[in-house]
1. Need one value for A:53-60: mean number of C-beta atoms belonging to other chains within 10 Å of its residues' C-beta atoms.
2. Of A:P336, B:I170, A:T40, which is farthest along the charge dipole of the protein assembly as shown in the positive direction, counting Lys and Arg as +1 and Asp and Glu as -1 at C-beta?
3. Counting DSSP beta bridges in the protein assembly as shown, what percent are antiparallel, to the nearest 5?
4. Among A:T80, A:T283, which comes first, second and so on when ranked by fewest other beta-carbon atoms within 10 Å?
5. Sort region B:23-62 into rounded, prolate or oblate with this rule: let a ≥ b ≥ c be the square roots of the eigenvalues of the Cα gyration tensor; rounded if a/c is under 1.5, and if a/c is not under 1.5, prolate when a/b is larger than b/c, oblate otherwise.
6. Count the net charge of all other residues whose Cβ sits under 14 Å from the Cβ of B:A335, scoring Lys and Arg as +1 and Asp and Glu as -1.
7. Among A:T243, B:Y278, A:M66, whose Cα sits farthest toward the positive end of the charge dipole of the protein assembly as shown (+1 at Cβ of Lys/Arg, -1 at Cβ of Asp/Glu, about the Cα centre)?
8. Take the alpha carbon atoms of chain A, find their radius of gyration, then divide it by 2.2 N^0.38 Å using N residues; give the quotient.
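Throughout, read-outs are computed from the coordinates displayed, never taken from laboratory work. As the structure is a prediction and not an experimental result, all values here were calculated from the model. As a convention, Cβ positions derive from the backbone with ideal geometry for all residues, glycine included, and neighbour counts pool all protein chains shown.
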Amino acid sequence: MSKKIISFALAATLGLTATTAYADILSDVKAKGYLQCGVTGGVAGFSAPDSSNNWSGLEVDFCRAMAAAIFNDSEKVRYTPLTSQERFTALSAGEIDILSRTTTWTMSRDTQLGINFVGTMFYDGQGFMVRKADGIASAKDLSGAAICIESGTTTELNAADYFAANGMEFNAVVFVDQDEVVKAYEDGRCDVYTTDSSALASERSKFANPDDHLILPEIISKEPLGPVVRQGDDLWFNIARWTYFALLEAEELGVTQANVDEQLGSDNPAIKRLLGVEGDFGTPIGLTKDWAYQIVKHIGNYGESYERHVGPSTPIGLARGLNALWRDGGIQYSPPIR
Amino acid sequence: MSETAYVRTEMVPSLPAPSRSSGFVAWLRKNLFASVGDTLLTLVGAAFLIWAIPPLYSFFIGNAVPPGGTVEQCRVESVGACWAYIAARVNFFIYGFYPISEYWRPNTVFALGALLLIPLLWPRIPFKRLNALLFFVVFPVVVYVLLNGGMFGLRPVPTEQWGGLLVTLIISLVGIICSIPLGILLALGRQSKLPIIKTLCVLFIELWRAVPLITVLFMASIMLPLFMPQGMTVDKLLRALVGVTLFSSAYMAEVIRGGLQAIGRGQYEAGASLGLNYWQRMGFIVLPQALKHVIPGIVNNFISLFKDTSLVSIVGIFDLLNTIQAATADINWAAPTQAVTGYVFAAAVYWVFCFSMSRYSLYMERRLNTGHKR
């Protein structure tokens, strides 16, 4: 009887498996006609279902940008929501082509898991939120404050380090659960709430009066979030990496979704190279000459995507900060396309 | 003389019962204040209700924002449930990421399912055999073709886009429908005298019962891809379906074995003496009695299976609970009670389904009660 069960399970399994010939990822993706993109199960601003049930967010835009570069069509993406435990397995097992899921770039991940980080789509890090009424403008003013913290996390340690390094003191009000921390801060049991700044922002958007709260400009830890590809396919890695750079380069050169057609006639040689008017940088990475034009045409540049999903005009309302271009005081920087 | 009557010729009109033993006050005395202990309990209960009801009322009704409200109404201090948010996102909770233009497909599946299931559950309606054939054999194929598409000019919709209540129902129905026959076979196998079959069944049952479902799902979604040849993937939903089915069939087997053990040896022997072979004996004599005994246990399994489907959310499948959780990240509806309202809605939906299952099983038990009830 068990044999029957096993053979039934096997038959069912084999009947519904999709086998793909394993060449390079680009040819595979082109052959199946869509890009399989691993995303979160819902993190506001990064990858979350929007009101019309489509995935949207900063990290979703990256997948769409890659699809635009490969297919000239940003809709040819399929999304696989992944938990944080299964994300790397899914990537190395080839279930997804690219992982764009609020993944922090660390050395051990980069070197030990058989994966490569493409770049930093978003420089996240631990920040502080306070009530505007308290009149605090900088984390340096927080000496003696009561801070709501989730216990047993790196958040707690980071805060302790930061205060010790700056010769300040604080009273930790510790909770085991993130929701309790938020509740305690809302109820006024502490002056400050600290966690990663993107999470601060999305929690703030749920408050009854989000405008009464301020996220301080200081970031006290490094959480660079970026897309990830499998190791061992340098062509695919280059496509992902230069998709990211093209988004940055377009912003730096002032090429936007709205003016990209106009910019085709620009005299600026850097714009000409970016948009494929002069030289051909797409073919060597297996794409078309106008790959970057397609990215900007479909997605816009990095700044536009940022503004759309997490920028100050959205309910999340995060200032550019470290994520501004290098010339605006941030650290987003693209090597020249030439 | 003859006029004198010592015996009454008419009945004394009955008086109303003394007010101490009838009416509202007496009911109160009997049911709520019969003793000191009862009185205390009543007072504690009343205090609890007075303490609990007003905040609940103001959360669910009083301060709540009714469907059709706006997000601004939900974004105020001490707002109640934000039903407007549920109403706005209810499509997402039912269909997940299923393309909006293709909603008619899951709708057809729901309608067909109800159309086939209701007559199947209603004993008075004839054509049970045909009905069962349609429901258990034809319907799954239709569901697969309709939902998955890619045939008959239907646009393909990969399972990643299936979600919400649709997926919860698919997983639980597949689990329920497949685990019964598998469970029966395993239970019979475990009682078999053939050593290999018996050992295999015991091993299977004990293995699956000894592992938590969450581990099974993690194995299926994290370990399985590592064992597969590079580039070969099994659909995620299918992995969860197989995991849930095998898991629940092991439990089902033990429940059914309990029923089999309640059947006296004489029944088996009587069947054998009639010249029935093994399958006839089981099918005509033993199983109908055994299964009837264990209806509560079987339904218990169904209910816990239905609720356990929410565990698939940890492997990234968008069942009802997970869509509700994911929608919490929708900043267009960000409000203080957004998440709570979502969870309350999820609880209500689960309750409706589980409660109906439990009522139906009670009805079935009463109907099949042929003298075994104790």
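1. Per-residue shielding by partner chains comes out at 3.
2. B:I170
3. Taking every DSSP beta bridge with both residues in the protein assembly as shown, the antiparallel ones total about 55 percent.
4. A:T283, A:T80
5. Details: a/c = 6.18, a/b = 2.23, b/c = 2.78.
Verdict is oblate for region B:23-62.
6. Working: positive: A:R204, A:K206, B:R75, B:R89; negative: A:E186, A:E203, B:E72, B:E77, B:D330.
Here the charged neighbours net out to -1.
7. Checking the options against the dipole of the protein assembly as shown, the answer is B:Y278.
8. That works out to 1.11 for chain A.
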